[in-house]
Amino acid sequence: MSGSFFITTAIDYTNAAPHVGHAYEKVLADVIARFHRLRGDEVFFLTGVDQHGQKVQQSAEREGVEPQVFVDRMTTLFREPWDRLAVGYTAWAATTDPLHKACVGKVLTRLNDEGQIYKATRSGFYSVRQEQFLTDKERGPDGEFGPEWGQVEEREEENYYFRLAEHRQWLLDLIDKRSAAGKPLVLPEFRVGELRNAVEKLEGDLCISRPRARLAWGIPFPFDEDFVTYVWFDALVNYISFAPGFDPAPGADLSEFTRWWPALHVIGKDILIPAHGVYWPIMLKALGFADDDIPTLLVHGWWNIGGAKMSKSLGNSVEPGELAGRYGADALRYYLVRDIATGRDADFSEERLRERYNADLANDLGNLLNRALNMAQRYRQGIVRTGEPDAACAEVAQLAGEVTQAWAERMERHEVHLALEEIWKLISRCNAFVEESAPWKLAKDEAQAGGLDAVLHHLAESLRIVSILVAPVMPSAAETMRAQLQWHGSVSLAATAWGGLEDGHAVGAPTPLFPRLEADR
Ligand code: MSP
């Protein structure tokens, strides 16, 4: 079952500080990465920052600092919360990294040499104030450009263009072929139609340059220093610049790269069309990638606030590092992947996070661990024996197997919320099992000693399995559970098989896993 697995997130734009929506994407990817490690896969997990472009240049100018100084400072604002949230990436992509600049240069050179790029003069409406060309999207309901654009004039500009339109039919065929083969290009599959419609309408080529006179903060074209790369072309290349063993030169040795590629790309719904769903596959095709090497896109939905978009400029963004400080990284990770269905939107609410914390983590999971270990200590000095299991015990053991299987299937499909639901079926069953089997009564009757042993063993064993199943989402709580259970076996999918705690295993004493939150904080 083991192999190599490459996962990457979108790289966050460093024009503003990260909010909990950005955090969700990193956590989702990290959960998937950790699941693959459990399966025994070798994982390469890439995330990072997108640092070029006009907005960054303007923000730096406003602050009177060099753009590099500005982006370095912003980059820290991303790395800190990701570290705090235990996002265990293997490599950090930064578009100002010399490695990336060199790769973008080589990609441009190759595409230019192979006639996939051409230079042309086009005219359009240009906002002098905003220093950018305007499209019909910028027109108001009256068809005019609003006052925010200042003076708008028709201008001619020379730029580089990447041939997109000629690959239209290829991309349509690829989308259909992948869906027919049961390996949709876009997951969840309900978004495939959206992409297909956009590709149907594809016309024209992609302008991939900005004159340096107008935008200095970008990667220069190696064969024409008067131009820098358009930020979306630059940013997409990151997925291959930082991939192990990639070299865009024709005929390069790609043996290491192909061990990892194709990647699974975790992105938000806003950047599927056109960037990741249209430009990116066509860029790869133009670079000679085979159809099977066009990566799958896992498209998640958005965390909103009261149904509205979350953003720094709207003043409603929620800072992830601060939340992690208040509730712990595990609880925040849990909430972020539990209260949203992968692919759909959800509303972020701190109240809801607190509810989930108290109900699912403190009550259901935390109390179960606490009770199970407490009873093992009180009745058996911590020594857990297999004893004499009855039908109820057998039912718990059977459920553990079923839950593990269903959990793995859900995780394979990136349905983390449903995978967690599966784990909670076992946790709830165990909580009911405590009530039904009433160990405190069994403990009073010497004739029931074997029955009591079996109940305590089934609880400890179920918790051992739960500690593996929750590990991708809550790595630190999982470790604490293992420490309290004093189980030091290897944490893997194989270890979820029933029977990991041997007869006579000594468990430790409990300490609260998720102390209850008080009503008024
Ligand atoms: N820099 C580009 C991506 C280039 S990738 C080659 C970009 N950056 S971004 O900072 O605007 O967004 C980064 C990621 O965060 C995107 O996948 C985006 O969908 C995601 N999210 C931004 N806001 C979000 C929420 N409110 N909720 C969930 N994800 C969110 O796009």
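The values are calculated or read from the model by the stated rules, or taken from the named source; none is laboratory data. Everything numeric in this text was worked out from a predicted model, so none of it was measured. A quick note on method: Cβ atoms are made from the backbone with ideal geometry, for glycine too, and the neighbour counts reach across all protein chains shown. Note: accessible area is taken over every heavy atom of the protein model, side chains too, but ligands, DNA and RNA are not part of it. Shrake-Rupley method; radii C 1.70, N 1.55, O 1.52, S 1.80 Å.
Can you name the number of the only condition in (1) loosely packed, with under 13 Cβ neighbours inside 10 Å; (2) free of Cβ contacts under 8 Å to residues at least 60 places away in the same chain that I175 fails?
Every condition holds for I175 apart from (1).
With the checklist (1) more than 20 Å from F45 (Cα to Cα); (2) aliphatic (A, V, I, L, M); (3) open to solvent by 40 Å² or more (accessible area, probe 1.4 Å) in hand, flag the one item L187 doesn't pass.
Tallying (1) more than 20 Å from F45 (Cα to Cα); (2) aliphatic (A, V, I, L, M); (3) open to solvent by 40 Å² or more (accessible area, probe 1.4 Å), L187 fails exactly one: (1).
If you go through the stretch 285-325, how many residues are of a type in the set (S, T, N, Q) and within 23 Å of F190 (Cβ to Cβ)?
2
Across the stretch 272-322, what is the number of residues that are assigned to a helix (DSSP H, G or I), more than 30 Å from L111 (Cβ to Cβ) and within 14 Å of the ligand (Cβ to nearest atom)?
Residues in the stretch 272-322 being assigned to a helix (DSSP H, G or I), more than 30 Å from L111 (Cβ to Cβ) and within 14 Å of the ligand (Cβ to nearest atom): 1 in total.
Just the residues that are in contact with a strand residue (DSSP E or B) (Cβ under 8 Å, 6 or more places away or on another chain), more than 11 Å from the ligand (Cβ to nearest atom) and outside any helix (DSSP H, G or I), please, taken from the stretch 1-37.
S2, G3, S4, F5, F6, I7
Residues to consider are G451, G489; find the one that is assigned to a helix (DSSP H, G or I), at pLDDT 95 or above and not acidic (D, E).
When all the criteria are applied, what remains is G451.
Out of (1) surrounded by fewer than 17 Cβ atoms within 10 Å (Cβ to Cβ); (2) within 15 Å of the ligand (Cβ to nearest atom); (3) hydrophobic (A, V, I, L, M, F, W, C), the odd one out for V107 is which?
Every condition holds for V107 apart from (1).
What's the total number of residues in the stretch 38-90 that are part of a helix (DSSP H, G or I), open to solvent by 10 Å² or more (accessible area, probe 1.4 Å) and either within 19 Å of F242 (Cα to Cα) or free of Cβ contacts under 8 Å to residues at least 24 places away in the same chain (or both)?
Looking only at that region, the number is 11.
Can you tell me which residue is nearest to the ligand (Cβ to nearest atom) among those in the stretch 220-261 that are of a type in the set (V, I, T), under 20 Å from L164 (Cβ atoms) and at pLDDT 95 or above?
Out of the qualifying residues, it is V237.
Residues that are within 38 Å of the chain's Cα centre (by Cα), at least 2 per element: which helices (runs of 4 or more DSSP H) completely within the stretch 336-447 meet that?
Numbers: elements: 350-356, 367-380, 391-412, 416-437, 439-442.
Answer list for the stretch 336-447: 350-356, 367-380, 391-412, 416-437.
For the stretch 329-340, give me the residue count where each residue is in contact (Cβ under 8 Å) with a residue 40 or more places away in the chain and more than 13 Å from the ligand (Cβ to nearest atom).
7
So which residues in the stretch 247-263 are among the aliphatic types (A, V, I, L, M), surrounded by fewer than 17 Cβ atoms within 10 Å (Cβ to Cβ) and touching a residue at least 60 places away in the same chain (Cβ under 8 Å), if there are any at all?
Within the stretch 247-263, A249 is the sole residue that qualifies.
If you scan the stretch 148-191, which residues turn out to be of a type outside the set (S, T, N, Q) and assigned to a strand (DSSP E or B)?
Those that are of a type outside the set (S, T, N, Q) and assigned to a strand (DSSP E or B): V152, E153, E154, R155, E156, E157, E158, Y160, Y161, F162, V186, L187.
Quick check: is even one residue across the stretch 186-194 of a type in the set (F, W, Y) and more than 15 Å from H276 (Cβ to Cβ)?
Here is the first cut: in the stretch 186-194, the residues of a type in the set (F, W, Y) are 190.
If we keep only those that are more than 15 Å from H276 (Cβ to Cβ) as well, we get 190.
There is at least one residue in the stretch 186-194 that is of a type in the set (F, W, Y) and more than 15 Å from H276 (Cβ to Cβ).
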